[in-house]
Amino acid sequence: MNDAIRPQPGIMDIALYQGGKAHVSGVANVVKLSSNENPFGPSDKAKEAFAKSVHQLHRYPSTDHAALRQAIAETHRLDARRIICGVGSDEIIHFLCQAYAGPGDEVLYTEHGFLMYKISAMAAGATPVEVAERERTTDVDALLAACSERTKLVFIANPNNPTGTMISAGEVARLARGLPPQAILVLDGAYAEYVEGFDAGLSLVEAMPNVVMTRTFSKIYGLGGLRIGWGYGPQAIIDVLNRIRGPFNLSNTQLETAEAAVRDQDYVAKCRAENARLRHWLAEALAEVGVPSDTSMANFVLARFASTEEAEACDDYLQGQGLIVRRVASYNLPHCLRITVGDEASCRRIAYAVGQFKGLK
């Protein structure tokens, strides 16, 4: 490589993001429980919209995403003008760092928070600051204590990935009120739909000038393969983000499928109820064989083992059984495995296999 051609400082310090494993060498018909996907897939209405979109593949999509923003606004009773759509919520996170953080600035996130917060901060030239949690739960006091005049963005996921824990609306509001005036609080609501009656901070966005919320269609809507997300925030911030958003960042297929998905809230409710039932069952079944977990409010369970060695050995055993879960050492949880809540057959199979590994089945 030409030594004169160099990336911006800090880019080569970014560790490549490793997604959930999907294959096991030499094992066919694996059950993938590593990426928090909806085992039931998208709704029939979303699949129908996807199929119809084939007739528009030669057409450029809209640049303003008006139809999808209107559907989101009607579903959640929001102002469509304050919604921005992106390639997953990851792109909204990247926009925020690109627009509001740079060299000399700091971006705060919790020690078990989503890896893209750090990656996007570093890509913008900002300094990522990891803040300790309290028993795998966001610690508002620790975040406020870590803030300074250099703090530009504070990211929390609520519920959090990979812990599944969440903090109350009151605690989130306390965090927003306590931030320095130049800082934006970003509420990552990727798993918000799994919590019954939870607005993921939408009311706080309406009330505060320094709060932005992100959401995704990749989880409960079952559209992870299409990569669609959205954000909601103060008009001034959304206007800034739209200035750096690519005009055709979402295709017609993405836009039309997501619109159909968000309007099918009966399907969302069905998935939420089934996930809650199976999540409770799986957590109880794992606890019975000596593998505890915190109460999860998302679509996965963070299984805790006695040591890193035991967690890795269990993962190796599960892979041999054709069961793929997620090691989370990169999230500072080397003694844990994150297990997606699959369908009933998958949940029963994983619980039985962990029991076998522990010598109890």
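The values are calculated or read from the model by the stated rules, or taken from the named source; none is laboratory data. Worth saying up front: this structure is predicted, and the values here are computed from it rather than measured. Note: ideal-geometry Cβ built from the backbone for every residue, glycine included; neighbour counts use all protein chains shown. Accessible surface is based on the protein model in full, side chains and every heavy atom, while ligands, DNA and RNA are left aside. Shrake-Rupley method; radii C 1.70, N 1.55, O 1.52, S 1.80 Å.
All other residues with a Cβ under 12 Å from the Cβ of LYS118 taken together, and with Lys, Arg as +1 and Asp, Glu as -1, what is their net charge?
-4
Taking K and R as +1 and D and E as -1, what net charge do the other residues with C-beta under 12 Å from the C-beta of ASN161 add up to?
+3
Rounded, prolate or oblate, given the Cα gyration tensor of segment 198-344, with a/c below 1.5 counting as rounded?
Taking the square roots of the gyration eigenvalues as a ≥ b ≥ c, segment 198-344 is prolate.
Compute the signed sum of charges (Lys and Arg +1, Asp and Glu -1) over the other residues within less than 13 Å, Cβ to Cβ, of ALA192.
Working: positive: ARG215, LYS219, ARG272; negative: ASP188, GLU193, GLU196, ASP199.
Combined, the nearby Lys, Arg, Asp and Glu give -1.
Output the peptides 145-153, 3-11 sorted from most to least packed, where packing is the average of other Cβ atoms within 10 Å over each peptide's residues.
On the way: 145-153: 17.6, 3-11: 9.1.
Descending packing order for the listed peptides: 145-153, 3-11.
With runs of 4+ DSSP H residues as the only contributors, calculate the mean residue ellipticity of the chain at 222 nm using -39,500 (n - 2.57) per run, divided by the residue total and rounded to the nearest 500.
Mean residue ellipticity, 222 nm, calculated: -11500 deg cm²/dmol.
Could you give the accessible area per residue of the chain, probe 1.4 Å, as a whole number in Å²?
Ligands and nucleic acids excluded, the figure is 44 Å² per residue.
Once both labels are modelled 7 Å past Cα along the beta-carbon direction, what's the ALA4-THR308 spacing in nm?
A separation of 4.4 nm, rounded to one decimal place.
Beta carbons within 10 angstrom, averaged per residue: use that to sort the peptides 70-78, 136-144, highest first.
136-144, 70-78
Give me the percent of the accessible area of the chain that comes from carbon and sulfur atoms, probe 1.4 Å, all protein chains in place.
52
According to the square roots a ≥ b ≥ c of the eigenvalues of the Cα gyration tensor, what is the shape class of segment 46-121, taking rounded for a/c under 1.5, prolate for a/b larger than b/c otherwise, and oblate for the remainder?
prolate
Take the alpha-carbon centre of segment 246-300, take the same for segment 69-138, and report the distance between them in whole Å.
20
Spin-label point model (7 Å from Cα, Cβ direction): what's the GLU74 to ALA287 distance in nm?
4.3
Once you have a ≥ b ≥ c as the square roots of the Cα gyration tensor eigenvalues for segment 89-153, tell me rounded if a/c is under 1.5, and otherwise prolate or oblate according to whether a/b is larger than b/c.
Oblate.
Strictly over 24 Å apart at the Cα level, which of LYS32/LYS118; LYS45/LYS219; LYS32/LYS52 would you flag in this model?
LYS32/LYS118; LYS32/LYS52
If packing is taken as the average number of other Cβ atoms within 10 Å across a peptide's residues, how do 91-99, 331-339, 51-59 rank, most packed first?
Values: 91-99: 23.8, 331-339: 21.9, 51-59: 11.2.
Ranking the peptides 91-99, 331-339, 51-59 by packing returns 91-99, 331-339, 51-59.
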